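Comments concern the structure below.
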Amino acid sequence: MVFLDTQYHFAETRWYVERVCERYGLSLRIIEPLIPPDDLWRVDPDACCEMRKVEPLARALQGKEAWLTGLRRDEAASRAEAPIVSYDIGRGIVKVNPIAPWTREEVEAYTAERRLPEHPLKAKGYPSIGCWPCTDPVRDGDDPRAGRWAGSGKLECGLHGWSPAKAT
Ligand code: SF4
């Protein structure tokens, strides 16, 4: 299990990660970018995501045959076609999104039923949480990812793409 430390996470995210690790006894691999903190996110968020998310994930996945994510189709229009299993052509490994078809309501029901820990910012209007410079709260009825890079036209960080050769 990998946590990509972009160096720009909310303090609440760090707290939440520690709670989840404690509860489940997880041995988390924390992967950091190869560059120090800077202001690149202000002028070139695509390049910033490339250096703080995409490249670190590539390092984390070296030598692996598959990776799993929590991506879901109803998170955003850009994810509506996400398959459960696909061949990640860019990385040359299998990609599995086990809960891709789950709705937000199903996730909330499962969370309540299992009493899973929740990110503290969720109750403050953040249904999707990334780095603090690029994450705003959303209004009721908004796309859950509307607060990510709000107003910039950017929808994804570059970690997720899927090939047409999807299996499910
Ligand atoms: S979400 Fe923002 S701060 Fe985080 S890596 Fe991407 S551009 Fe940089």
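The values are calculated or read from the model by the stated rules, or taken from the named source; none is laboratory data. It should be emphasised that the depicted structure is a prediction, and the values quoted were computed from it without experimental measurement. Here the Cβ positions follow ideal geometry from the backbone for every residue, glycine too, while neighbour counts run over all protein chains shown. Accessible surface areas use protein heavy atoms only, side chains included; no ligands, DNA or RNA. Shrake-Rupley method; radii C 1.70, N 1.55, O 1.52, S 1.80 Å.
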Residue hits (region 137-154; modelled with pLDDT of 90 or more and farther than 19 Å from Arg79 by Cβ) are Pro137, Arg139
Exactly one of Val85, Val107 is without any contact (Cβ under 8 Å) to a residue 40 or more places away in the chain and more than 16 Å from the ligand (Cβ to nearest atom), and that residue is Val107
List the number of the failed condition for Ala47; all other conditions in (1) within 18 Å of His160 (Cβ to Cβ); (2) open to solvent by 60 Å² or more (accessible area, probe 1.4 Å); (3) without any contact (Cβ under 8 Å) to a residue 12 or more places away in the chain hold.
(2)
Given the conditions (1) without any contact (Cβ under 8 Å) to a residue 12 or more places away in the chain; (2) over 16 Å from Pro144 (Cα atoms), every one holds for Ala80 apart from (2)
Please determine whether any residue of region 131-151 is open to solvent by 70 Å² or more (accessible area, probe 1.4 Å), outside any loop (DSSP other than H, G, I, E, B) and either within 16 Å of the ligand (Cβ to nearest atom) or closer than 25 Å to Trp15 by Cα (or both).
yes
Testing Thr6 on (1) of a type in the set (S, T, N, Q); (2) away from the ligand (no atom under 13 Å from the Cβ); (3) touching a helix residue (DSSP H, G or I) at 6+ places or on another chain (Cβ under 8 Å), one condition comes back false. Which one is that?
(2)
Here is a list: Ile99, Ile93. Which entry is under 18 Å from His160 (Cβ atoms), more than 14 Å from the chain's Cα centre (by Cα), in contact (Cβ under 8 Å) with a residue 24 or more places away in the chain and away from the ligand (no atom under 16 Å from the Cβ)?
Ile93
Residue satisfying condition, being closer than 26 Å to Lys122 by Cα, of a type outside the set (Val, Ile, Thr) and open to solvent by less than 40 Å² (accessible area, probe 1.4 Å), within set Tyr16, Tyr24, Tyr8:
Tyr8
Residue check, Arg59 more than 16 Å from the ligand (Cβ to nearest atom), out of contact with any Phe, Trp or Tyr (no Cβ under 6 Å at 6 or more places or on another chain) and assigned to a helix (DSSP H, G or I):
no
Which count do you get for residues in region 27-38 that are open to solvent by 40 Å² or more (accessible area, probe 1.4 Å) and either within 10 Å of the ligand (Cβ to nearest atom) or closer than 13 Å to Cys157 by Cβ (or both)?
2
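I'd like to check something: does region 152-167 contain any residue that is in a helix (DSSP H, G or I), more than 16 Å from the ligand (Cβ to nearest atom) and in contact (Cβ under 8 Å) with a residue 40 or more places away in the chain?
Checked region 152-167: no residue is in a helix (DSSP H, G or I), more than 16 Å from the ligand (Cβ to nearest atom) and in contact (Cβ under 8 Å) with a residue 40 or more places away in the chain.
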Checking Ile129, Ile93 in turn, the sole residue that is among the hydrophobic types (A, V, I, L, M, F, W, C) and in contact with a Leu (Cβ under 6 Å, 6 or more places away or on another chain) turns out to be Ile129
